[in-house]
Amino acid sequence: MNRNSLRARVTAFYVGMLAVTLIFFSILVYVGVRTYLTKSLERSLSTTVRNIEADYLAPLENKGPAWFQAEMSESYPSGISDPFVRIFEADKVLYDSGDLRDPVVRISDLPHPIQNEELNNFHRTFSSTGQLLMIYTVAYNLPSGRLILVETGASMEPLQHLLHSLFLILLIATPGILFIAAVGGHMLMARPLRPVVDLTEQAERIGRKQMGERLPIIPSGDELERLSLALNRMIDRLEEALAHNQRFSADASHELRTPLTIIRGELEALLQMPALPAQAMDGISSALEEGDRMSRIVHSLMTISRLDGGGERMEMLPVELASLVSVTLEHMSLLAEEKSISLTCQTEERVYVTGDAMRLKQVVVNLVDNAIKYTPVGGAIEVQLFARQQRAVLVISDTGIGIPAESLPAVFERFYRTDQARSRVSGGTGLGLAIVKAICGGHDGTLSIESVEGKSTTLRVELPLLELSPREISDLYPITTLNPKAEHVPMEQLYEKPVEELIHRRLKL
């Protein structure tokens with residue numbers, strides 16, 4: 001999961017807020033339960049003292065010590081009572097209920113109460129065996145003026161055990177709740193974010209094949225609807241600006257073709273004139289060269305404008321790319337031989353794509369021509385074609401002069417040149433890679449480049465792979481099927497049967 005995604009950040013915020021809430025709630029529960037249990041124990045001790053005062057100490061002088069001992073023994077038997085009870089008159093023990101059980105606490109080891117600040121207050125102390133006790137001591141005056149100290153207490157061990165168990169439950173339950181909340185929140189976020197995902201996918205498809213597509217409007221009345229409307233308005237403005245630029249490029253290119261043709265014709269006619277001075281001949285020849293170069297630029301600009309604007313009609317048919325690449329490289333091998341450049345080709349058999357064979361051949365020609373142009377004498381160019389993950393991949397590597405790293409992001413821009421890789425002396429117009437990129441975009445493909453200055457350059461073209469059955473291959477390419485040893489299939493024989501017939505048969509299957 002991407003930690004920086006909106007889904008992850010919302011889930012993290014939700015879990016964080018829940019964690020703070022659970023921790024605060026756990027603290028409140030723990031403190032509340034501890035306070036409740038402590039107050040309950042205090043009320044129990046206070047009630048015991050009041051009962052002893054009202055039932056046994058008030059009639060003590062009238063009924064005598066024997067009655068008092070018998071009644072106390074019956075109500076608070078020795079060794080069983082909880083809380084324990086001790087009653088003193090000066091240093092004399094009037095009654096002692098004995099030690100506590102479970103846990104065992106020796107009450108006889110506790111010091112006798114004295115008249116200090118602990119009287120009429122709850123206080124805590126530790127027994128000789130380490131148990132924490134809560135003790136409540138009250139001074140009671142008999143009608144005769146005799147002072148009686150009533151002490152009652154109980155062990156706090158059960159209370160502490162209960163609080164410890166509660167702490168463990170909260171400690172274990174809180175992370176578990178947070179984990180379930182994180183998983184559940186991440187899954188639940190998929191539904192609210194689904195419209196955003198749909199918008200993203202639709203936005204990715206807009207403009208790939210044709211202009212005029214728009215994002216679906218989400219009728220939710222909230223920010224998502226406003227976002228889709230705002231994006232559509234932005235696309236309208238962008239398409240309007242792009243269309244204006246394309247019209248300008250197309251119109252300017254079209255208007256320049258006629259003057260350039262006339263200029264070329266006039267210059268060629270001048271060259272035919274007899275007895276022209278050498279200087280005039282050189283000037284006319286130079287003007288013709290520049291005119292030819294400008295004609296190529298105009299033609300390339302028109303091509304790019306048509307490709308970008310969808311005005312270029314491409315016949316999108318099944319193409320066996322391996323044969324197309326092999327045949328093209330065979331035709332260009334003479335250019336490589338002139339510079340003693342090694343041109344090798346490694347292709348997998350029967351790599352099929354859907355596209356315009358002429359335009360795909362133009363991609364190969366432009367890229368290989370660039371590689372030959374910028375590779376020094378004695379260099380090497382390697383062309384590879386293979387299929388990977390539903391993509392046809394064409395890789396062209398050379399041992400040429402390379403491109404500076406800072407120039408790589410801009411090499412596909414129109415008229416862009418670097419000091420070394422795109423010199424005007426080489427005769428390039430700066431539009432070759434722009435045309436290749438436009439053709440790849442028209443085929444739903446991608447074009448990328450890697451280069452090390454002074455060492456090598458690698459261009460990678462990826463196109464959607466077309467899966468064909470052996471029967472369909474046989475129908476499309478009967479020559480290859482009948483003569484599997486043939487090295488190449490002639491370009492004019494690539495399509496011997498109508499594609500509509502193949503598609504119709506495929507739908508039936």
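The values are calculated or read from the model by the stated rules, or taken from the named source; none is laboratory data. Note that this is a predicted model, so its numbers are computed, not measured. Virtual Cβ from ideal backbone geometry, glycine too; neighbours counted across all protein chains shown.
Looking across the stretch 139-164, the residues that are touching a residue at least 12 places away in the same chain (Cβ under 8 Å) and within 16 Å of LEU41 (Cα to Cα) come down to GLU151, THR152, GLY153, ALA154, SER155, MET156, GLU157, LEU159, GLN160, LEU162, LEU163. None of THR129, THR174, THR137, THR200 is under 30 Å from ASN62 (Cβ atoms) and of a type outside the set (Phe, Trp, Tyr) except THR137. Taking interchain pairs and intrachain pairs at least six residues apart, which have beta carbon atoms under 6 angstrom, with the first residue in the stretch 355-381 and assigned by TED's automatic domain parsing to the domain that holds ALA438 and over 13 Å from GLU338 (Cα atoms) and the second β-branched (Val, Ile, Thr) and in a helix (DSSP H, G or I)? Within 6 Å, the pairs are ARG359/ILE439; LYS361/THR328; VAL363/VAL436; VAL363/ILE439; VAL364/VAL325; VAL364/THR328; ASN366/VAL436.
Going through (1) in contact with a Lys or Arg (Cβ under 6 Å, 6 or more places away or on another chain); (2) at pLDDT 80 or above one by one, LEU229 falls short only on (1).
When you scan the stretch 57-74, do you find a residue that is in a loop (DSSP other than H, G, I, E, B) and either closer than 27 Å to LEU163 by Cβ or at pLDDT below 85 (or both), even just one? No - not one qualifying residue is present in the stretch 57-74.
Summed over the stretch 346-369, the residues that are within 16 Å of ASP398 (Cα to Cα), in contact with a strand residue (DSSP E or B) (Cβ under 6 Å, 6 or more places away or on another chain) and surrounded by fewer than 18 Cβ atoms within 10 Å (Cβ to Cβ) give a count of 1.
Name the residue that is modelled with the lowest pLDDT, counting only residues in the stretch 397-423 that are among the aliphatic types (A, V, I, L, M) and over 15 Å from GLY454 (Cα atoms). Once the filter is applied, the top-ranked residue is ALA410. Taking the conditions (1) without any contact (Cβ under 8 Å) to a residue 24 or more places away in the chain; (2) assigned by TED's automatic domain parsing to the domain that holds ILE23; (3) of a type in the set (A, V, I, L, M) in turn, LEU168 satisfies each one other than (2).
Residues that are of a type in the set (A, V, I, L, M) and surrounded by 13 or more Cβ atoms within 10 Å (Cβ to Cβ) were ranked within the stretch 94-112; the one that is farthest from LEU132 (Cα to Cα) is LEU94. Is the stretch 137-157 home to any residue that is surrounded by 11 or more Cβ atoms within 10 Å (Cβ to Cβ), closer than 30 Å to PRO103 by Cβ and touching a Gly at 6+ places or on another chain (Cβ under 9 Å)? Scanning the stretch 137-157, I find at least one residue that is surrounded by 11 or more Cβ atoms within 10 Å (Cβ to Cβ), closer than 30 Å to PRO103 by Cβ and touching a Gly at 6+ places or on another chain (Cβ under 9 Å), so the answer is yes.
Need a quick list: strands (runs of 3 or more DSSP E) entirely within the stretch 91-208 having at least 1 residues that are within 23 Å of THR35 (Cα to Cα).
Working: elements: 92-96, 121-126, 132-141, 147-155.
Per the criteria, 121-126, 132-141, 147-155.
Of the strands (runs of 3 or more DSSP E) contained entirely in the stretch 311-369, those carrying at least 1 residues that are closer than 17 Å to HIS443 by Cα fall at 317-320, 352-355. Close contacts from the stretch 393-410, counting a first residue that is in the same structural domain as LEU321 (by TED's automatic domain parsing) and a second that is in a helix (DSSP H, G or I) and surrounded by 15 or more Cβ atoms within 10 Å (Cβ to Cβ), with Cβ to Cβ under 6 Å and a gap of 6+ residues or different chains, come to ILE396/LEU367; ILE396/ALA371; ASP398/ALA371. Condition check for ASP82 on (1) more than 21 Å from VAL104 (Cα to Cα); (2) more than 60 Å from the chain's Cα centre (by Cα); (3) touching a residue at least 60 places away in the same chain (Cβ under 8 Å): one failure, at (1). Taking every residue in the stretch 62-79 that is at negative phi and exposed (fewer than 13 other Cβ atoms within 10 Å of the Cβ) and pairing it with any residue that is of a type in the set (A, V, I, L, M) and at pLDDT 85 or above, at least 6 positions away or on another chain, yields no pair with a Cβ-Cβ distance below 6 Å.
Does VAL49 satisfy the criteria of being outside any helix (DSSP H, G or I), among the β-branched types (Val, Ile, Thr) and closer than 17 Å to VAL150 by Cα? The answer is no for VAL49.
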